[in-house]
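Here is the structure we will look at, set down as C-alpha cells.
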Amino acid sequence: MAGSKFGSFKSEKGSSAGAAAGAGAAAQRRDPYEVLGVGRNATEQEIKSAFRRMALKYHPDKNADDPVASDKFQEATFSYNILSDPDKRRQYDSSGFEAIEADSQELELDLSSLNTVNTVFAALFSKLGVPIKTTVSATVLEEALNGSVGISQLELGQSVFRKVEKQSAHFYSVDITDKEAKMGLVCRVQSTAKSKFKLLYFEPEENGGLSLALQEDSVKTGKVTSAGMFFLGFPVYRFEQNNSVAAAKDPDSAFFKRLDGFQPCEVNELKAGTHFFAVYGDNFFKSATYNIEVVCAEPFSTEKEKLRCVEAKILAKRSELSKFESEYREVLAKFTEMTSRYTQEMQTIDELLKERNAIHASYTNNTTLQRSSSSNKGKTSSKESKSDDDQTVKKEKKSKSKSMEGSRSDDDGPRKEKKPKERLRRKKWFNIHLKVDKRRPC
C-alpha cells in the first residue's frame, strides 16, 4: 500500500558553468526540520501535517503573483521530499545535503497549476515512459479543509460506478460498527478504462473540515488500473519502488536498498464511526471512470494471516540484507583485488614468455649461420693446405728428376738428343671412320 505523498521538489540541473553556483545554493539551504517547523524526532504524521499547512498557505494557485510565496512553496516541498523518505532522511541526518543526490529525486506536479503547453509536455513524457508523479490539487485540499466539498454516502459492500473530471475529486463517507472495525475494512477502486486516479483517505478536523491522511496512486494490473487501502487491525506496510535511474547507475546499492521502501502505513485500523474516502481524477486531459467499494475483511481471514506472515518475512529479510551487504562488500573488494592481481600476473607471464621466446629465436637462428660460415672456412683452409702440399711434392720430384738426368749426361758423354716420342693417340672405336658404299642400299 502506497504511502501519502503531498509533493516533492527536484532541483534543476544547471550547466557546467553553474555548478559552482549550485554548490553555493546547497550551502545556503535551510535545515528541512527548520523549514517545516518540526523537531528532529518528529513522526511521519507530524511532518505531513506541517507540510500540508505550508503547501496550502504558499501554493501557486493562491499566490500566483507572489515570488516569495513561490520560493517558500518550493523550499517546503523540497524539505518534505527529504524528510518523508526514510532513506533520504537517514542520509541527511548523517551527512547533510551532500549525501543526497538531488538529480535522482523524482518530480511531482500539480497538473491543475500547469498551463496547456506544460500539460501537453508532461503527458508526452509520461507516454514515453518517463515517470512523472502528480500531487492532489491544492484547490481540492483547501476545499476539503474548509469543509466545502460535497460528500456522498457509501454503504458497506456497495459498489459505485462513476466518472470524475481531471484534477477533481469525489468524496464518500462510510459508517462502520465496532464489530466491523474490529474485523477490519478494505477500500478498493478499479478502472476498466485504465484511467489514472488517486485513492485518498481523509481525517475529520475540529472545524468540520477534512485533512488528507493517506494517498495511493492507481497501478496498472493487467487490463485495469486499481488501488486499495487496508485497515486490518495490525501493521500493514506500503512498498515504494526504488528510482529506476539510480538503480541503473548503481545496481548493487539499488538491490540492497530495495526493501528500504517497505514502510508501515500511518493508519492501521479504523474505529467505529464515519470515515471519509475520495477518488481523485489524475488523467492529463480526460475524465476518469472508476468503481469504488468498501468491504468488511471478515471473509478474508485467511488472506489476512497470509499477509501478516509474508510481511513479517519481508521485514526479517530486510534486516538480513543489511548484514549481507557488509559481507558482500567485503568479498567484492577482495574479488576486485584478486581480479586485478590476476590481470597483472597474466601480463607478467606473457611478457616473460615473450622475452624467453625472443632469446631462443635469436640463439637458434644466429648460431646456425655462424656455424655454417665457420665450417665453410675450415673446409676451404683444408683444401688450400692440401693443394699446397701437392705442389711441394711435385716440385721436389721435378728437381730430383732433373738432377738425375744431369748426372747421366755427364757419364755417357754427348749423345744425340732423342726426340721424345710422340705418343700416338689411340683412336677410340667410336671415332673410326666407316666407309659406306653409297651405291648399295643398306
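The values are calculated or read from the model by the stated rules, or taken from the named source; none is laboratory data. As the structure is a prediction and not an experimental result, all values here were calculated from the model. All Cβ positions, even for glycine, are placed from backbone atoms using ideal geometry, and neighbour counts span all protein chains on display. To get the accessible areas, we keep the full protein, side chains included, count just its heavy atoms, and leave off ligands, DNA and RNA. Shrake-Rupley method; radii C 1.70, N 1.55, O 1.52, S 1.80 Å.
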Original post:
For the subset of the stretch 285-307 comprising residues that are surrounded by 15 or more Cβ atoms within 10 Å (Cβ to Cβ) and out of contact with any strand residue (DSSP E or B) (no Cβ under 7 Å at 6 or more places or on another chain), which member is farthest from residue 153 (Cα to Cα)?
Top reply: 307
**OP:** Identify all residues within the stretch 158-179 that are open to solvent by less than 50 Å² (accessible area, probe 1.4 Å) and at pLDDT 90 or above; write none if there are none.
**Re:** 160, 164, 168, 169, 170, 171, 172, 173, 174, 176
Original post:
So residue 88 fits all but one of (1) open to solvent by 60 Å² or more (accessible area, probe 1.4 Å); (2) part of a helix (DSSP H, G or I); (3) at pLDDT 75 or above; what number is the exception?
Top reply: (1)
**OP:** From the list 226, 195, 211, 253, pick out the single residue that is part of a loop (DSSP other than H, G, I, E, B) and either among the hydroxyl-bearing types (Ser, Thr, Tyr) or open to solvent by less than 10 Å² (accessible area, probe 1.4 Å) (or both).
**Re:** 195
Original post:
When residues of the stretch 146-157 are filtered for being open to solvent by less than 50 Å² (accessible area, probe 1.4 Å) and under 14 Å from residue 204 (Cα atoms), how many remain?
Top reply: 2
Original post:
Here are some residues: 98, 75. Which one is of a type outside the set (A, V, I, L, M, F, W, C), surrounded by fewer than 20 Cβ atoms within 10 Å (Cβ to Cβ) and at pLDDT 85 or above?
Top reply: 75
Original post:
Which condition number does residue 363 fail, the rest of (1) open to solvent by 80 Å² or more (accessible area, probe 1.4 Å); (2) modelled with pLDDT of 90 or more being met?
Top reply: (2)
